[in-house]
Structure formats: structure tokens, C-alpha cells
Amino acid sequence: MDVTIAKVDEIIGRYGKTEESILAVLQDFQREFRYVPEEGMKRLAGVLDVPESRIYAMGTFYKALSLEPRGKHTVKVCMGTACHLKGANQILEAIERGFSVKRNHTTKDKNFTVESVNCVGACAMAPVIVVDEDYHGHARSSKVVDILKKYN
Amino acid sequence: MKKVKIVINGKTVEGVQDQSVLSLARENGMYIPSLCYNAEVQSSGGSCRVCLVEVHQGKSMRVVTSCNYPVREGIEVKTDTEFVRKIRKGVLELLLCRAPESSEIKELAARDGITEPRFFTDGPDVHLKNCIACSLCTQVCEDVVGVSAISMVNRGREKQPAAPYMKASNACIGCGACAYACPTGAIEMTDTPDARTIWGKTFEMQKCSVCSTPFIPKEQAEWIIKTTGKDRAFFEKCPTHR
Ligand code: SF4
Ligand code: FES
Ligand code: FES
């Protein structure tokens with residue numbers, strides 16, 4: 001969803017005008033816009049009359065919030081011990097090459113955000129990638145780009 | 001103010017209940033290293049952990065940060081035992097990993113015999129160079145200056161003070177209090193005859209109408225006028241010509 005002041009205000013209006021609402025509003029920004037936009041944090045600071053620095057501190061603290069627009073799909077490449085031994089690095093590199101994207105960033109077309117993560121708890125299927133909620137086990141660097149191409 | 005007696009390094013000294021062990025030790029001429037504590041800043045201390053001391057009470061002993069440990073009747077403090085030195089050595093080794101180029105950290109570490117940390121060190125792109133993430137600067141900005149222009153952002157290794165969105169701050173008044181307070185001189189502030197630059201923002205300086213020496217950023221003077229009601233004429237002359 002595009003970031004508009006009207007939408008920002010609608011989200012801010014869902015909660016009480018108190019400091020306790022900050023995190024809830026930031027989470028809603030993340031859900032609706034797929035990131036926490038600077039305009040949103042500014043507006044929130046103004047409405048609640050709290051320093052922008054406090055809101056920015058929270059925005060950068062939580063892993064669940066992203067200050068950069070995130071892709072439609074999240075690709076998690078497991079870098080845990082088992083996956084690492086089974087060549088997780090080559091898989092991550094294949095994705096980086098195939099979609100011209102660096103780890104922990106988003107593709108130009110905003111379709112994928114690629115993250116390297118630690119053990120996702122499916123070591124028996126190592127190496128593993130997780131696209132949104134789908135687990136793809138025994139991933140191969142030669143196939144992984146084709147798998148991702150199915151996600152639009 | 002209740003007076004109490006405690007023992008520090010075998011010497012009986014008198015202090016005020018609840019003052020910090022660190023301040024009482026210093027009043028009595030005893031050295032305890034410190035970085036993140038500033039007596040003028042209520043919320044400061046407890047973060048760098050270089051001020052560790054042993055506190056004995058009856059049979060129990062605890063290692064505590066002396067900058068925020070309250071003086072109470074009957075405690076016995078030891079500031080420089082083998083055990084304290086050993087733990088502080090570990091603390092300084094980690095601080096040296098975080099700020100390997102800071103002369104303040106290097107000096108403290110060297111006193112405890114560390115010149116090279118055994119662990120990997122943070123490069124200049126991980127966080128503000130020389131910053132040990134103690135939060136003193138942001139506490140000064142919020143609690144003493146009252147503008148909250150900067151805050152601690154990110155977390156873990158990347159934790160550091162910054163202005164919102166990593167851009168020049170709207171709220172900053174250019175007072176420089178954060179830079180003066182920083183124990184490792186990590187905050188860059190440059191003064192030229194006309195302007196001061198800090199946190200990516202440049203401030204025009206107010207010049208003295210007598211000697212034309214620049215002495216305060218105009219925005220800071222405006223802030224003081226606005227918050228204290230001080231007379232504008234007060235800021236026409238520098239402190240020496242008032
Ligand atoms: S810049 Fe200085 S005062 Fe601020 S957190 Fe870092 S070390 Fe502490
Ligand atoms: S290491 Fe990858 S799933 Fe456990
Ligand atoms: S000076 Fe006491 S913890 Fe930093």
C-alpha cells in the first residue's frame with residue numbers, strides 16, 4: 001500500500017494518543033506499508049507530542065520493524081550449522097546473483113526481501129530456505145532461482 | 001541528609017546515606033575508574049562497568065558498579081582487589097573490541113595490562129567510531145538540555161547515538177553538551193569562527209557586540225530565551241563583556 005498522509009493518520013487514529021501506542025502504531029505501519037516510513041514516524045511524533053528521537057529509537061530497535069520498504073515475499077536462507085555444512089552459502093549467493101540483491105536487502109522490483117537467518121528448526125532437510133510460510137528443504141543452488149520465480 | 005560511616009580500603013570514612021560509593025571514594029582521594037557516570041546527570045551510570053568494586057556486608061560479598069551503588073551504614077568497600085582487577089580486565093577487553101582506537105579506552109585497558117584484545121574488533125562501519133554505547137550523551141540531551149535531539153538507535157553491536165533518520169536533526173540546538181559529556185570523545189563537533197557543526201547540522205554563531213567573539217549558537221540562545229524567559233539583550237555580549 002502506498003504511503004499517504006490520510007492512511008498514516010487513519011492508522012495513528014486507531015490508538016489512544018499516549019506514548020504506549022507508539023509500538024502498536026509502528027507495527028501497523030509495518031503491516032500496511034511493509035515498512036515504517038519516515039513520514040509516519042514524524043507524524044506520530046507530532047500527534048503524540050513526543051520527541052522524534054524516541055520514536056526513531058523504537059523503530060530501529062525491533063527486528064520486526066523495517067525502515068526500508070520490504071518485499072512482497074520474505075526469503076529466509078538458513079545459515080545454521082547444518083545448513084551451513086550443506087552449502088547454504090552457495091544457495092544465498094545463487095539468490096543474490098539471480099535477483100541482483102544483497103543479503104538483508106530487497107530486490108529492485110520489491111518482490112523479495114532476502115534474509116540470512118539462523119537455524120529454522122528443520123535441519124533434517126538442510127539446506128533450507130523459507131519463503132513466507134513455505135519451507136523448501138534440500139535446496140540446490142542450481143534450482144533455487146526457479147523455485148523463487150514461482151512467487152509473484 | 002543522614003550521615004553514615006563506611007569503610008573503604010580499610011579506612012573509615014563518613015558520607016551521606018544513598019550517595020554513590022564512587023563519589024564518596026573520590027571525595028576521600030581514592031581512585032576508581034569511570035566512563036559513563038557524570039555527577040551532573042541523574043540518570044547516568046551503570047552501563048560501562050569499569051567502576052566495579054567489592055562490597056562486603058557481614059559474610060556476603062558482591063561486585064557492584066560503584067557509580068550507582070548507594071552508601072549504607074556498615075558496608076565495607078574494596079576498590080582494588082585481585083578479583084576486581086580480574087573482572088575489570090574482562091570488561092576493558094570487551095570495550096577495547098568495541099572501540100579499538102579510543103585513546104581513553106586504550107589507556108584504561110593498558111593500566112590493567114591489556115594492549116590487544118583477543119577477540120575481533122569492530123570496524124569503523126559498525127557504529128559511531130570510538131563510541132562504547134554508554135548512553136551518557138542521549139541522557140544529557142534528554143535530561144539536562146531537555147531537547148531529546150538524539151537517542152540510542154539500533155541494537156547489539158550496532159547500537160549507537162544518532163539523530164532521527166540518521167539525518168541532521170530538527171530538534172538539535174547545537175549546544176554541544178553531548179560532545180562534552182562523551183567519555184571517549186566520539187561525537188564530532190567542529191567550530192569555525194562563524195559556525196558550529198554537530199550531528200550533521202551547521203549552526204550560525206552569535207557574536208559578542210563588543211569583541212565579536214562567537215560564543216553561542218543562535219538556536220541555543222533562542223532556546224534559552226524561550227524556555228527560561230531570559231532577556232534577549234543578555235545574549236548580545238559574551239560572558240567576559242557582560
Ligand atoms: S557517543 Fe560517547 S556518550 Fe554517547 S553513547 Fe557513545 S560513548 Fe557514550
Ligand atoms: S541449520 Fe538450517 S534448519 Fe537447522
Ligand atoms: S562509571 Fe559506573 S558503570 Fe560506567
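The table below gives the values:
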| quantity | calculated |
| --- | --- |
| Partner chain coverage, peptide A:54-64 - average Cβ within 10 angstrom | 5 |
| Shape of region B:136-241, Cα gyration tensor, a/c cut at 1.5 | prolate |
| Mean separation of Cα contacts under 8 Å, 6 or more apart, over the residue count of chain A: relative contact order % | 19 percent |
| 18 Å Cα-Cα reach of B:Lys106 towards lysines, excluding residues that sit fewer than 8 places from it in its own chain | B:Lys86, B:Lys89, B:Lys129 |
| Centre separation in Å (Cα based) which lies between region A:81-129 and region B:184-242 | 52 Å |
| Cα-based helix-to-principal-axis angle, A:88-98 vs chain A, degrees rounded to 10 | 70 degrees |
| Under 5 Å, built H, 5+ apart or other chain: amide partners of B:Ile216 | B:Gln206 |
| On Cα atoms only, tilt of A:38-48 relative to the major axis of chain A in degrees | 40 degrees |
| Global geometry of region A:5-61, whether rounded, prolate or oblate, following the gyration tensor of its Cα atoms and the 1.5 cut on a/c | rounded |
| In degrees, nearest ten, helix A:52-61 long axis to first principal axis of chain A (Cα) | 20 degrees |
| Shape of the protein assembly as shown, Cα gyration tensor, a/c cut at 1.5 | oblate |
| Farthest toward positive dipole pole in region A:73-149 [+1 Lys/Arg, -1 Asp/Glu at C-beta], among A:His73, A:Ala124, A:Gly98 | A:Gly98 |
| Per-residue [θ]222 nm for chain A (sum of -39500 (n - 2.57) over DSSP H runs n ≥ 4, rounded to 500) | -12000 deg cm²/dmol |
| Max mean-square fluctuation residue, GNM over chain B, Cα-Cα springs under 10 Å, options B:Arg62, B:Arg88, B:Arg98 | B:Arg62 |
| Among A:Val101, A:Val114, A:Val47: highest mean-square fluctuation, GNM of chain A, C-alpha pairs under 10 Å | A:Val47 |
| Amide H contacts under 5 Å for A:Phe112, placed H, 5+ residues apart | A:Lys72, A:His73, A:Thr107 |
| Computed over chain B: relative contact order in percent, which uses C-alpha pairs under 8 Å that are six or more apart | 13 percent |
| Beta bridge orientation in region A:73-149: antiparallel %, DSSP, nearest 5 | 55 percent |
| Residue-averaged [θ]222 nm for chain B, counting only DSSP H segments that reach four residues, each worth -39500 (n - 2.57) | -6000 deg cm²/dmol |
| Distance in nm between pseudo-label sites at B:Arg242 and A:Asn152 (7 Å out along the Cβ direction from Cα) | 7.1 nm |
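Bear in mind that the values in this text are calculations on the coordinates, not laboratory data. Note that the coordinates shown come from a computational prediction; the quantities given were computed from them, not determined experimentally. As a convention, Cβ positions derive from the backbone with ideal geometry for all residues, glycine included, and neighbour counts pool all protein chains shown.
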